[in-house]
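Worksheet: one structure, shown below.
Just so you know, all these numbers are worked out from the coordinates, no wet-lab data involved. For clarity, every value in this text was computed on a predicted model and none was experimentally measured. With ideal geometry, Cβ positions are generated from the backbone for all residues, glycine too; neighbour counts draw on all protein chains shown.
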Amino acid sequence: MTKAEVVATIVPHLDAAPGASGEAFAPANVALIKYWGKRDDLLNLPVTDSLSVSLGRLGTTTRVTTADVDDFTLNDRHMPADDPFSLRLTSFLDHFRPAQVGFRVTTTNTVPTAAGFASSASAFAALVKALDNLYGWQLEKRQLSILARLGSGSACRSVYDGFVHWHAGTSTDGSDSYAQQLDTTWPGLRIGVIAISKEQKSIGSRPAMRATRKESILYRSWPDKVRQDLSSLKTALATFDLPMLGQVAESNALSMHATMLGAWPPILYWQPATVATLQRIWRLRSEGLQIYATMDAGPNIKLLFDAQQTDIVSGHFPEMTVVAPFANA
Ligand code: PMV
C-alpha cells in the first residue's frame, strides 16, 4: 500500500473546501522504550512497540493555509524550495494535496533545537493536526497518529500529551500501528537535556535502522528486550517507581545503541563527551543520586530524575536544560 492510499482510507474527502487557515501545536517526545527498526520502510511500520513521554509545552506550532504554490517558513525564516526541509514537507503534503493546490506552512519550534531535541516528530504531528483544522476533517487522535507516522515514525506519539504507547501492529496497511495515551501522569518527573554536540549526525535514523536490522546479529534480540522492558516500565508507571523507570529507560537506550555497533560498517552516534557524561552519571548514581540516562540516534544525553533533585542535578550538570513534561497536569 502507498502512503497516498493510506491517506485516502482515513481522509475520504480530500477535495473538501478548506477553511481560512488551520493551526495546531504538538509536543516533542522522548522515548523511554525506543523505536528502532521498521518492518515496512515506506509506511514507517515498526518492528516493535515503543513508549515515550511528551514534553508539555515544548514542541512545534504550525499554521497552514492554501496558496498558489508551496511556501514554507521555519522559525521566522523563509525556506528555499530546494532546502531538505522544504523537499520533505512538499513530498509529505503531496499525499494530501487536491490537484493544483499549494500550501503556505508557517512552523515555529519551541523545542530548543540547539539542546538536541529532534523536532521532526512534533513537526509532523503539528502539521497533520493543522491540516485537520484547515479542512475540518475532525479525525480521531488515533487516525491523526497514523497520518503523522507517515511523515516520521516517532511523530505518531507526538499527537498526544503525557506517556504514549505506540503499538507496532501486524497489518500490512498499518491500520493497527498507532499511538495511544496512557492514563498515568507523573508531575514530579523531570527530563534534563545535555547537549553534547550540534554537529550534523554521521548517519540519519532511517538508513541506520535499515543497516542495523539487516547487518547486526544483535538486532535479533531487540524485540525480546523491548517486550521485557515494556512490561517492567508499565509496572514502574503504575507504582511511580523512578529507579525502575530509569533503569528500564537507560538499559533500553544502551541496548539500542549496542545493536547498531553490531552492524557493518558499525554505527556509533556517541562522541567522547557522551561516554564521559555517562561515566559521570554512573559515578553519581553509585554515590546515591537517582539519575538515569537515555539517548536517541545522536550523541546528546537526556537525564531522568525527580523534581526534588533538580537543584542538585543542575549543580552537577550546569549546562543542562530542565523540562517538566507534566507542567500542565
Ligand atoms: O521517527 P524517527 O525516524 O526520527 O526515528 C526515531 C528513532 C529514535 O529517536 C532513536 C527512537 C524513538 O523511539 O524516538
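Once each of the trypsin sites (Lys or Arg not before Pro) sitting in a DSSP loop with at most 15 other beta-carbon atoms within 10 Å is removed, the chain keeps 1-197 as its longest stretch. For the range 271-324, the Kirkwood radius over C-alpha pairs fed into Stokes-Einstein at 10 °C and 1.306 mPa s yields D = 137 µm² per second. With a ≥ b ≥ c taken as the square roots of the eigenvalues of the C-alpha gyration tensor of the range 90-169, please select rounded if a/c is under 1.5 and otherwise prolate if a/b is larger than b/c or oblate if it is not? Oblate shape, in that a/c is at least 1.5 and b/c is the bigger or equal ratio.
Identify the chymotrypsin sites (Phe, Trp or Tyr not before Pro) of the range 1-109 meeting these criteria: DSSP loop state and at most 15 other C-beta atoms within 10 Å of the C-beta. If you can, show how the numbers build up before the last one.
Numbers: sites: Phe25, Tyr35, Trp36, Phe72, Phe85, Phe92, Phe96, Phe103; in loops: Tyr35, Trp36.
Nothing satisfies the criteria.
Please report, in whole Å³, the volume per residue of the convex hull around the C-alpha atoms of the range 166-250.
Working: hull volume 13.9 nm³, N = 85.
Spelled out: Cα convex hull of the range 166-250, divided by residues, is 163 Å³.
Of all the options Thr310, Thr60, Thr107, the one that moves most in a Gaussian network model of the chain with Cα springs shorter than 10 angstrom is Thr310. Evaluated at q = 0.14 Å⁻¹, a Debye calculation over the C-alpha positions of the range 11-144 (equal weights, vacuum) places log10 I(q)/I(0) at -0.69.
Binning all Cα-Cα separations of the range 235-280 at 10 Å, short to long from zero, yields these whole-percent fractions: 23, 40, 26, 10, 0. Convex hull volume of the C-alpha atoms in the chain, normalised per residue: 132 Å³. The alpha carbons of the range 64-109 stretch over 28, 19, 16 Å along the principal axes, in descending order.
Does the range 23-72 classify as rounded, prolate or oblate by the C-alpha gyration tensor (a ≥ b ≥ c root eigenvalues; a/c under 1.5 gives rounded; else a/b over b/c gives prolate, otherwise oblate)? The shape class here is oblate.
Tell me the net charge near Arg77. Cut-off is 14 Å between Cβ atoms, Arg77 excluded, with +1 for each Lys or Arg and -1 for each Asp or Glu.
Numbers: positive: none; negative: Asp71, Asp76, Asp83.
Summing Lys/Arg as +1 and Asp/Glu as -1 gives -3.
Structure remark: mean-square fluctuation, Gaussian network model of the chain, C-alpha springs under 10 Å; the largest value among Ala125, Ala249, Ala273 belongs to Ala273. Relative contact order of the range 1-133: 33 percent, from C-alpha pairs under 8 Å at least 6 residues apart in sequence.
Using the Cβ atoms and a cut-off under 11 Å, what net charge is assigned to the surroundings of Asn133, where Lys and Arg are +1 and Asp and Glu are -1?
On the way: positive: Arg63, Lys129; negative: Glu23, Asp132.
That works out to 0.
Among Leu131, Leu144, Leu254, the largest mean-square fluctuation in a Gaussian network model of the chain (Cα springs under 10 Å) belongs to Leu254.
Relative contact order, whole percent, for the range 125-251 stands at 14, derived from Cα pairs under 8 Å and 6 or more residues apart.
Secondary-structure-derived ellipticity at 222 nm for the chain, considering helices only, amounts to -11000 deg cm²/dmol, per-run term -39500 (n - 2.57) for DSSP H runs with n ≥ 4. Calculate how steeply helix 242-261 sits against the longest principal axis of the alpha-carbon atoms of the chain, using the helix alpha-carbon long axis, and give the answer as 0 to 90 degrees to the nearest 10. Here the helix axis deviates by roughly 70 degrees.
In whole percent, what relative contact order does the chain give with Cα contacts below 8 Å and a gap of six or more residues? Averaging sequence separation for qualifying contacts and normalising by length gives 21 percent for the chain.
Listed by chain and number, the lysines whose C-alpha is less than 20 Å from the C-alpha of Lys34, apart from same-chain residues fewer than 8 away, are Lys201, Lys214, Lys225, Lys234, Lys302.
If you filter the range 191-289 for GluC sites (Glu not before Pro), then keep DSSP loop positions with at most 12 other Cβ within 10 Å, what is left?
Numbers: sites: Glu199, Glu215, Glu250, Glu287; in loops: Glu199, Glu287.
Filter output for the range 191-289: Glu199, Glu287.
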